[in-house]
Amino acid sequence: MNNISFETLENSNAQITKVETLTNSINLTEVQYVALDFNGIMVEALQYVNNPYYDNDNKIESGDFIYFNLDGTFLDAYRLFNYQITHRLVFGGLDHAGFSYSALLTTILQECDEDLNPDSEFCQDQLEEIVIVVNPGSSAYEHPIWFVYQNTPTESLDAGSSTGSGSVTCPEGHVLGSDSVTCHDIPCVDDISGKGDPLDNMEILGSRNNGVPGGQYGNGRGSFHDGVDLKAPYGTPIFAAHSGIVATYPYQANWNEGGNDAGNRVYINSGFNGDDLQLGYWHLGEVLVSPGQQVSQGQLIGYTGNTGNVGSRFSAGPHLHIRARKNGIKTDPEEFFNTDFGSQGQNINTCN
Amino acid sequence: MKNIIILAAFFTSLLNFAQNNINPSNCTYSQSDLTLTLNGWDISRSNYDHFTFINTAALRQYAGLQYSGEKDTAEFGYPWFYYTLDDNYIHFAGVLDTSGDYTGNKRLFSFKINSGNQFNLNGIEIGDATQEVFNLFPNHCIDGNEIVVFYDQTALSFKFNPTNNLITSMALDSGM
């Protein structure tokens, strides 16, 4: 294969299109608008380099180069090593195994060898829609600027600009994720039992190494797991599973690396079937409720983040850790969820 | 020959890059296999106390060392102790039994060493060659640009820069 050559088109006046809906989202930082030379044919594209390593001249020596057409469709991906292309990479689908932007991206990349196995599933493009996030800010708390692409253009943005924002209106019964693009169902409640869920479409996250039971309550990980890990990509809305009052302590919304392994967390004191119930919500990114605040079942209280030890080798990716105390005694949180889970942690009765 | 081995290891890492899953049985060690020490502190010790630790680990010499004292006991039901030095941190925590009850013992729970030469794991420091890790752990797993081993119910990972095969960070996780 030829080497990749490209020219960065910063602050270009070229127009790209933006729409409001999508089915899959990928968070990409530091996307560049580039002109590619594919065997002598110039192609405009958007480039993202995953896991780049720079030489002393600040040139990329190795990394995964991923390209998208300006209409948002996946174009191609290559792995560069020692300035030479060593692999062609093709998107193989989305899952939840990553826990950060870069890890998510590495997870969905599968290798394709067109010479040896051209019919491999990894050689088939599987994404029909894609979202590209351009985040020029340095703070994790800044809202990213969104360039969303689909086949039918509805609005134009300047690809070289770092201003502008997307706007999505979710239908009734849905809440916008912290990505400002994805609409999530509000979890349903069992009117008879009063049980509720903190997420829509709940599923217990497995351990990256031990299998599904690793995310359950108890002894799945070598040490006692005091709670349940629920699969939740970064930025997923979190709802109060039960009505109650946000505890004054413990409460944290300003976690930094090196701090408590629970990260940003909220505890909500409730009553359930005559018992005192406290549910703790760990590893949040943005926290939307304050200590002492009364919250209702199904109320949005925050978004999942990557705080605490959410990236531990003993978890399989981004998740919401839920901890339960019944009358002050540690308890399996599943007892208070509307959702029931199968032996592999799958949701067997979601209403969403 | 050494370069060839390192290069082979890097390409092995590339092949594993997309999987994000590793088989712990290929890279698991127990206390009986070897003793791991962070600045001379046996990471399996369960009789932690602050002064013994900082004396053993020779951390008194660093004015920037921050120590939290006992924290978060009411929240978790067992104590935590946090150390920070520059962008490096070490957490100790109470040891639980299989029912999740605090045994009264305390041990190293997690750490992440990102920079500097104040910390070493069995002599391995940030900036050392990956070969040092391979020598210490002949049976290791590679996940992307991380070397991973499991040891005594913890997971150790060493991130490295594949362009020069130097260690860029060391971390220890425990399940929670």
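Nothing in this text is a laboratory measurement; each read-out follows from the coordinates by a stated rule. Being a predicted model, the structure only gives us computed values, none of them experimental. All Cβ positions, glycine included, derive from the backbone under ideal geometry; neighbour counts span all protein chains shown.
Where residues in region B:131-176 are in a strand (DSSP E or B) and facing chain A (nearest Cβ under 7 Å), which of them is surrounded by the fewest Cβ atoms within 10 Å (Cβ to Cβ)?
Selected residue: B:161.
Does at least one position in region B:120-129 carry a residue that is within 14 Å of chain A (Cβ to nearest Cβ) and surrounded by 20 or more Cβ atoms within 10 Å (Cβ to Cβ)?
Taking every residue of region B:120-129 in turn, none turns out to be within 14 Å of chain A (Cβ to nearest Cβ) and surrounded by 20 or more Cβ atoms within 10 Å (Cβ to Cβ).
State all residues of region B:69-102 that are over 24 Å from residue B:121 (Cβ atoms) and at the interface with chain A (Cβ under 9 Å from one of its Cβ atoms); if no residue qualifies, say none.
If the condition is that a residue be over 24 Å from residue B:121 (Cβ atoms) and at the interface with chain A (Cβ under 9 Å from one of its Cβ atoms), then B:71, B:72, B:74, B:75, B:76, B:77, B:96, B:97, B:98, B:99, B:100, B:101 are the ones that fit.
Residue-by-condition table, conditions (1) touching a residue at least 24 places away in the same chain (Cβ under 8 Å); (2) of a type in the set (Val, Ile, Thr); (3) assigned to a strand (DSSP E or B):
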{"residue": "B:53", "(1), (2), (3)": "yes, no, no"}
{"residue": "B:61", "(1), (2), (3)": "no, no, no"}
{"residue": "B:64", "(1), (2), (3)": "no, no, no"}
{"residue": "B:84", "(1), (2), (3)": "no, yes, yes"}
{"residue": "B:91", "(1), (2), (3)": "no, no, yes"}
{"residue": "B:99", "(1), (2), (3)": "no, no, no"}
{"residue": "B:110", "(1), (2), (3)": "yes, no, yes"}
{"residue": "B:117", "(1), (2), (3)": "no, no, no"}
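So, in region A:313-331, how many residues would count as being at the interface with another protein chain (Cβ under 9 Å from one of its Cβ atoms) and crowded, with 20+ Cβ neighbours inside 10 Å?
Result for region A:313-331: 6.
Restricting attention to region A:247-259, and to residues there that are within 22 Å of residue A:295 (Cβ to Cβ) and either in contact with a strand residue (DSSP E or B) (Cβ under 8 Å, 6 or more places away or on another chain) or without any contact (Cβ under 8 Å) to a residue 24 or more places away in the chain (or both), which single residue is surrounded by the fewest Cβ atoms within 10 Å (Cβ to Cβ)?
The extreme case among them is A:254.
Given (1) more than 18 Å from residue A:228 (Cβ to Cβ); (2) surrounded by fewer than 23 Cβ atoms within 10 Å (Cβ to Cβ); (3) among the small types (Gly, Ala, Ser), identify the lone condition not met by residue A:285.
Residue A:285 satisfies all of (1) more than 18 Å from residue A:228 (Cβ to Cβ); (2) surrounded by fewer than 23 Cβ atoms within 10 Å (Cβ to Cβ); (3) among the small types (Gly, Ala, Ser) except (2).
Restricting the search to region B:46-74, which residues are of a type in the set (Asp, Glu) and either surrounded by 18 or more Cβ atoms within 10 Å (Cβ to Cβ) or within 22 Å of residue B:169 (Cβ to Cβ) (or both)?
B:72
Got a sec? Which of A:263, A:244, A:292 is touching a His at 6+ places or on another chain (Cβ under 8 Å) and either within 11 Å of chain B (Cβ to nearest Cβ) or surrounded by fewer than 24 Cβ atoms within 10 Å (Cβ to Cβ) (or both)?
Of the residues listed, the single one that is touching a His at 6+ places or on another chain (Cβ under 8 Å) and either within 11 Å of chain B (Cβ to nearest Cβ) or surrounded by fewer than 24 Cβ atoms within 10 Å (Cβ to Cβ) (or both) is A:263.
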